[in-house]
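Chemist: Quick one: structure below, then a few questions.
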Amino acid sequence: MNNQHYQTSRENFMISTDKSLLQPDVIHNYLSNESYWAKNIPFEIVERSIEHSLCFGLYDGNSQIGFARIVTDYATFAYLADVFIVTAYRGKGLAKWLMEVVHAHAAVEGIRTFLLVTSDAHGLYEQFGWEVHQHPERVMRRKTRPNFYDRRRES
């Protein structure tokens, strides 16, 4: 696993894998308040997920405006998660550029199984060869804590 950071720029935008540039408050705000998949996620869970993932931050100057992370063993398996562009920056091709960078990263080269879950971005991912799993009867998941984040806030 290469510990060097990857960085690329386009116009005034930059994508970097340098975690020191990430703005966890921006990531947490989006995931907790705007995403459908991580509503009410606690800040400390977002921090832990960042710590244990390959992260891609998208920036306009010093402001973080997008994010994606890959959970991977860097050999055979990867899971793409928490992909977003803040609302004010949508429609500018930034999600597509972010996915181009993610898919070109050396960490996913040779990965045998690369998964993601989405309910609304099939068109974006299909441009990069993603498809609905051809054997859904073989794919299982274990959701151990439904509504876990909501329950933690109540206690």
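Chemist: Report, by residue number, each residue of the range 101-110 that is without any contact (Cβ under 8 Å) to a residue 40 or more places away in the chain and of a type in the set (A, V, I, L, M, F, W, C). Give the derivation first.
Modeler: Restricting attention to the range 101-110, the residues satisfying the condition of being without any contact (Cβ under 8 Å) to a residue 40 or more places away in the chain are 103-104, 108-110.
Residues satisfying the conditions are Ala104, Val108.
Chemist: Oh, and also: Would it be correct to say that Trp97 is touching a strand residue (DSSP E or B) at 6+ places or on another chain (Cβ under 7 Å), aromatic (Phe, Trp, Tyr) and either modelled with pLDDT of 95 or more or not in a strand (DSSP E or B) (or both)? Working first, answer last.
Modeler: Numbers: touching a strand residue (DSSP E or B) at 6+ places or on another chain (Cβ under 7 Å): yes; aromatic (Phe, Trp, Tyr): yes; either modelled with pLDDT of 95 or more or not in a strand (DSSP E or B) (or both): yes.
Judged against the criteria, Trp97 is a match.
Chemist: Okay, next question. Pairs, please: C-beta under 8 Å, at least 6 apart or cross-chain, first residue small (Gly, Ala, Ser) and in the range 86-100, second outside any helix (DSSP H, G or I)?
Modeler: Between residues of the range 86-100 that are small (Gly, Ala, Ser) and residues that are outside any helix (DSSP H, G or I), the close pairs are Ala88/Ile65; Ala95/Gly66; Ala95/Val83; Ala95/Ile85; Ala95/Ala121.
Chemist: Of the numbered conditions (1) modelled with pLDDT of 95 or more; (2) farther than 26 Å from Pro136 by Cα; (3) of a type in the set (A, V, I, L, M, F, W, C), Phe84 satisfies every one except a single condition; which is it?
Modeler: Condition not satisfied by Phe84: (2).
Chemist: Of the conditions (1) in a loop (DSSP other than H, G, I, E, B); (2) in contact with a strand residue (DSSP E or B) (Cβ under 9 Å, 6 or more places away or on another chain); (3) in contact (Cβ under 8 Å) with a residue 12 or more places away in the chain, Thr8 clears all except one; give me its number.
Modeler: So the condition that Thr8 fails would be (1).
Chemist: Please count how many residues of the range 38-58 are more than 22 Å from His105 (Cβ to Cβ) and assigned to a loop (DSSP other than H, G, I, E, B).
Modeler: 5
For every residue, the table says whether it meets (1) touching a helix residue (DSSP H, G or I) at 6+ places or on another chain (Cβ under 8 Å); (2) under 24 Å from Val139 (Cβ atoms).
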| residue | (1), (2) |
| --- | --- |
| Leu21 | no, no |
| Leu54 | yes, yes |
| Phe77 | no, yes |
| Lys92 | no, no |
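Chemist: So which residues in the range 59-74 are touching a residue at least 24 places away in the same chain (Cβ under 8 Å) and within 16 Å of His105 (Cβ to Cβ)?
Modeler: Gly66, Phe67, Ala68, Ile70, Thr72, Tyr74
Chemist: Of all the residues that make up the range 11-20, how many are outside any strand (DSSP E or B), in contact (Cβ under 8 Å) with a residue 40 or more places away in the chain and within 16 Å of the chain's Cα centre (by Cα)? Quick ask: steps written out before the conclusion?
Modeler: If we filter the range 11-20 for residues that are outside any strand (DSSP E or B), which is where we start, we get 11-12, 17-20.
With in contact (Cβ under 8 Å) with a residue 40 or more places away in the chain added as a condition, the list becomes 12, 17.
Pick out the ones that are also within 16 Å of the chain's Cα centre (by Cα) and you get 17.
Selection size over the range 11-20: 1.
Chemist: Return the residues of the range 58-101 that are aliphatic (A, V, I, L, M) and farther than 22 Å from Glu34 by Cα; say none if nothing qualifies. Can you show your working first?
Modeler: Within the range 58-101, the first condition is being aliphatic (A, V, I, L, M), and the residues that meet it are 58, 65, 68, 70-71, 75, 78, 80-81, 83, 85-86, 88, 94-95, 98-99, 101.
Those that are aliphatic (A, V, I, L, M) and farther than 22 Å from Glu34 by Cα: Ala75, Ala78, Val101.
Chemist: So if I check each of Asp60, Asp25, which one is touching a strand residue (DSSP E or B) at 6+ places or on another chain (Cβ under 7 Å) and among the acidic types (Asp, Glu)? Spell out how you get there, then give the answer.
Modeler: Values: Asp25 fails: touching a strand residue (DSSP E or B) at 6+ places or on another chain (Cβ under 7 Å).
The unique qualifying residue is Asp60.
Chemist: Checking Asn62 against (1) on the phi > 0 side of the Ramachandran plot; (2) modelled with pLDDT of 90 or more; (3) exposed (fewer than 11 other Cβ atoms within 10 Å of the Cβ); (4) of a type outside the set (A, V, I, L, M, F, W, C), which single condition isn't satisfied?
Modeler: The single condition Asn62 does not satisfy is (1).
The values are calculated or read from the model by the stated rules, or taken from the named source; none is laboratory data. This is a predicted model, so every value here is computed, not measured. For neighbour counting, all protein chains shown are included, and Cβ atoms are generated from backbone atoms with ideal geometry for every residue, glycine included.
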